[in-house]
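Here the structure is laid out as structure tokens; the discussion comes afterwards.
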Amino acid sequence: MDIKVITRHSPSNYGSLLQSIATVHVIERLGHQCEIIDYQRKDERGLKGVLTQLNCKGSYGNPLKRLAYIAIRYPIEKYAQVKFDRMRKCYLKMTKQCSSHKDLAKFSADAYMTGSDQVWGPMMNGHYDSAYFLQFAKDNVRKLAYAASFGKTKFDASTVADYKKMLASYDKIAVREKSAVEMLDDWGMENCAGQVLDPTLLLDKNEWKNLIVKKNDFDKYKDKNYILVYQIHNDPKLSDYAKRLAKHSGIELVRVNPMLHQILRGGKFIFCPDLSEFLSLIANALCIVTDSFHGTCFSINFGKQFIEILPNNATGTRNQSILELTGLSDRILCDFNDYSLVDKVIDYGKVNELLEVERRKSLEVIRSMIQNSSFIKQ
């Protein structure tokens, strides 16, 4: 079966790329052909992307401030975009690139799937994109969703009405967060298959190492002692806590990110490494401090000690959801003067048992939604 997946694969973001790679790998392992639809929104790339971000920032009304923002931000965004474009070509099976709904309608497939990440939330411009609801697909083609996420839990009445109409056209929907299951239930959606794991967790740590990690990258960090910071939100409290934690522990602080401005936030800065080096940094860290959903997923999957600092915005439900699922809610930092979590060792025997149960359940969901002939439209 030929399955084409549309997801948020194109941002310069490690989690977005890694979940896309995992989705293709799992579907191919089930015996099907799979490609990520290389849908690139023009308002999210290059200079247009920087301008889109800028227009959403109410504090940049001053023309000089706007020019300064563009002058600083654009070269950094462009560099990261080039590097991630290169990584996508290296690691990810994709269709030809397209940027319009008209072009999306030209593809053909036995089934279309909305993939993971925050596909059903607001885009960079603050509005949803109906492409991620498969509105371009023909009516006689199977429409599925695996580990899709809304990114938040509250929408206005008009958006809810639009969502209900678009989601009703799906044959089967599996979502990533418990809150999304509850929301779909409240909306009366009867095609929901429940909560499933993020695609990155469908592969265990050995599969990830064999698929992505190069030996020289892994060995580079194997014998080093460091606390790794992977931060994706602008939270000064997190940055300050990580620096104080490293000083308290007497351990080197290392920070990894595709955005250069984080060089100012403390620690040895590793800027926009390849996927292999990124995963090697996680695999070898003594402890990880993160507010990132995928930073959390890989910390758990690789059996690492970690400290979770929930995002200082409305997106923290996804982090909380995976921590609840694996019995690790106690890794959430509640006091920025508390350094004790670094010494509280996680019992990964119990965690891995829970994770393996959820992995088997999630793999069965994706297998059955693809293969079950009752989903085929006539």
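Quick notes on this structure:
- Kirkwood radius, the stretch 213-346, all distinct C-alpha pairs, inverse of mean reciprocal distance: 14.8 Å.
- For the chain: relative contact order, % (alpha-carbon pairs under 8 angstrom, 6 or more apart): 15
- Structure-derived semi-axes √(5λ) of the Cα gyration tensor in Å: which label, when the choices are (1) 60, 21, 17; (2) 32, 25, 20; (3) 35, 28, 17: (2)
- The lysines whose alpha-carbon is closer than 25 Å to the alpha-carbon of Lys220, local same-chain residues fewer than 8 away aside, are Lys83, Lys89, Lys205, Lys209, Lys243, Lys247, Lys268, Lys304.
- When shorter helices are ignored and each DSSP H run of at least 4 residues is given -39500 (n - 2.57), the per-residue value for the chain at 222 nm works out to -13000 deg cm²/dmol.
- Each principal axis of the Cα cloud of the stretch 22-100 was taken in turn, and the coordinate range along them, longest first, works out to 55, 22, 19 Å.
- Nearest 10 degrees, 0 to 90: helix 14-29 Cα axis against the chain principal axis: 50
- Taking a Cβ cut-off of under 12 Å around Gln195, the surrounding Lys, Arg, Asp and Glu residues balance to a net charge of -2, with basic ones at +1 and acidic ones at -1.
- Computed over all pairs of different Cα atoms, the Kirkwood value for the hydrodynamic radius of the stretch 1-138 is 16.1 Å.
- Gaussian network model of the chain, springs between alpha carbon atoms under 10 Å - residue of Lys65, Lys215, Lys172 with greatest fluctuation: Lys65
- Whether the stretch 70-218 is rounded, prolate or oblate, judged on the alpha carbon gyration tensor where a/c under 1.5 counts as rounded: prolate
- Peptide ranges 12-24, 29-41 listed from the most packed, as the mean C-beta count within 10 angstrom indicates: 12-24, 29-41
Every number here is computed from the coordinates shown, using simple stated rules; none is lab data. Just so it is clear, the structure is predicted and the values come from calculations on it, not from any experiment. Note that each Cβ is placed from the backbone with ideal geometry, even for glycine, and that neighbours are counted across all protein chains shown.
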